[in-house]
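Data first, discussion second: the structure below is written as structure tokens.
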């Protein structure tokens with residue numbers, strides 16, 4: 001369960017076997033069945049999760065009952081509501097397993113211990129958060145300036161496995177378009193092939 | 001010119017006077033007149049800028065010629081196109097001085113030197129980028145789920161000096177609404193007071 005975590009960490013930073021052994025003691029393994037929740041809005045996000053296996057999504061529900069998806073997390077990704085995790089404020093997000101998941105959870109105190117004890121993890125998380133920021137800025141600018149089709153093509157490029165694993169209506173929600181618009185775009189793209 | 005930089009850094013991390021003296025040697029002071037550009041799209045973003053004085057904005061121009069603002073940066077903030085800065089790829093952003101500016105510029109090699117020589121800066125930039133990510137996620141979710149008025153109120157809360165210093169049409173662009181919609185919202189809010 002820890003192999004993928006080791007692989008992802010050592011892609012970015014160098015750590016010794018002893019350091020990784022210590023790191024492992026800070027995580028809590030957790031399994032979720034499909035449709036189970038890691039976090040429900042109104043609760044504080046006590047854990048950031050590393051996805052060893054499976055697929056999660058985070059989303060908010062607006063006053064009209066519409067869902068808005070912030071993120072999907074596949075194997076090797078991290079998932080959590082950073083704001084709630086860091087501030088202990090109630091979250092406005094739900095985090096749901098879209099497939100059966102194997103997760104490695106870490107609490108804020110354990111995460112801080114990890115950062116203080118092995119400073120290379122400051123670099124690891126700086127780079128991780130930096131990549132997430134670049135992707136989020138790109139998505140934000142795309143929402144303001146790109147057509148629905150361009151946004152869809154970007155999504156396919158960024159998450160190649162997405163179409164096979166994520167229901168259509170959630171892809172539409174992620175893109176901020178209706179399922180009908182998404183169907184139309186897919187039809188047009190198929191016709192052009 | 002370096003006082004504000006020192007203040008902002010030491011709000012987050014502890015560094016010695018010697019370390020800050022070293023840090024200073026890595027920055028290049030630069031003045032911009034109002035309307036001058038720090039970066040134009042198509043160029044590589046060679047410098048990340050700390051704003052000692054003044055105000056900048058970063059924006060893209062879409063195929064129809066519409067501007068979309070990613071960020072404003074006031075005194076004490078950092079400004080740059082992180083993606084282009086890190087990858088040496090051409091930027092799709094313009095960075096323009098909205099007021100006369102005093103900046104402290106740092107190149108990527110100097111920035112990497114700073115991170116390697118004084119590891120506390122890994123923590124500083126991790127926290128800086130983390131706060132930016134939280135704000136960007138909030139804005140992204142707001143664009144999908146909030147009304148124009150809610151987005152405007154959020155902007156005023158986040159950047160109290162914004163209304164006095166940023167032209168109306170740029171505030172509208174940042175919010176992704178037309179200047180006419182912004183005028184209407186401001187009229188309605190004034191009438192309710």
Which of the residues spanning the stretch A:65-83 are more than 10 Å from every other protein chain (Cβ to nearest Cβ) and farther than 23 Å from residue B:147 by Cα? A:72, A:73, A:74, A:75, A:76, A:77, A:78, A:79, A:80
From (1) within 14 Å of another protein chain (Cβ to nearest Cβ); (2) part of a helix (DSSP H, G or I); (3) more than 30 Å from residue A:123 (Cα to Cα), pick out the condition that doesn't hold for residue B:136. (3)
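Mind checking which residues of the stretch A:26-79 are at positive phi and either surrounded by 15 or more Cβ atoms within 10 Å (Cβ to Cβ) or assigned to a strand (DSSP E or B) (or both)?
Residues of the stretch A:26-79 at positive phi: A:35, A:42, A:54, A:65, A:76.
Within the stretch A:26-79, A:54 is the sole residue that qualifies.
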Restricting to the stretch A:95-122, give me the number of residues that are within 8 Å of chain B (Cβ to nearest Cβ) and either within 14 Å of the chain's Cα centre (by Cα) or surrounded by fewer than 20 Cβ atoms within 10 Å (Cβ to Cβ) (or both). 2
Which number in (1) out of contact with any helix residue (DSSP H, G or I) (no Cβ under 9 Å at 6 or more places or on another chain); (2) outside any loop (DSSP other than H, G, I, E, B) marks the one condition that residue B:20 misses? (1)
Scan of the stretch B:124-133 for residues that are more than 7 Å from chain A (Cβ to nearest Cβ) and touching a helix residue (DSSP H, G or I) at 6+ places or on another chain (Cβ under 8 Å), ordered by number: B:124, B:127, B:128
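In the stretch B:139-193, what count of residues is obtained for those that are outside any helix (DSSP H, G or I) and either out of contact with any strand residue (DSSP E or B) (no Cβ under 7 Å at 6 or more places or on another chain) or within 12 Å of chain A (Cβ to nearest Cβ) (or both)? Steps first, please.
Step one: filter the stretch B:139-193 for residues outside any helix (DSSP H, G or I), giving B:146-147, B:159-161, B:166-167, B:176-178, B:193.
Filter once more, so that each one left must be either out of contact with any strand residue (DSSP E or B) (no Cβ under 7 Å at 6 or more places or on another chain) or within 12 Å of chain A (Cβ to nearest Cβ) (or both): B:146-147, B:160-161, B:167, B:176-178, B:193.
Within the stretch B:139-193, residues that are outside any helix (DSSP H, G or I) and either out of contact with any strand residue (DSSP E or B) (no Cβ under 7 Å at 6 or more places or on another chain) or within 12 Å of chain A (Cβ to nearest Cβ) (or both) number 9.
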Can you say whether residue B:96 is in contact with a strand residue (DSSP E or B) (Cβ under 6 Å, 6 or more places away or on another chain) and either closer than 26 Å to residue B:33 by Cβ or assigned to a helix (DSSP H, G or I) (or both), as far as the supplied structure shows? yes
For residue A:105, state whether it is more than 22 Å from residue B:136 (Cβ to Cβ) and in a strand (DSSP E or B). yes
Mind checking whether some residue in the stretch A:46-65 is touching a strand residue (DSSP E or B) at 6+ places or on another chain (Cβ under 8 Å) and more than 24 Å from residue A:166 (Cα to Cα)? yes
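Based on this model, can you work out whether residue A:91 counts as more than 9 Å from every other protein chain (Cβ to nearest Cβ) and touching a helix residue (DSSP H, G or I) at 6+ places or on another chain (Cβ under 8 Å)? Full working, then the answer.
Working: more than 9 Å from every other protein chain (Cβ to nearest Cβ): yes; touching a helix residue (DSSP H, G or I) at 6+ places or on another chain (Cβ under 8 Å): yes.
So residue A:91 fits the description; yes.
Bear in mind that the values in this text are calculations on the coordinates, not laboratory data. What you see is a predicted model, and the numbers here were worked out from it, not measured in a lab. Neighbour counts run over all protein chains shown; Cβ positions are idealised from the backbone, glycine included.
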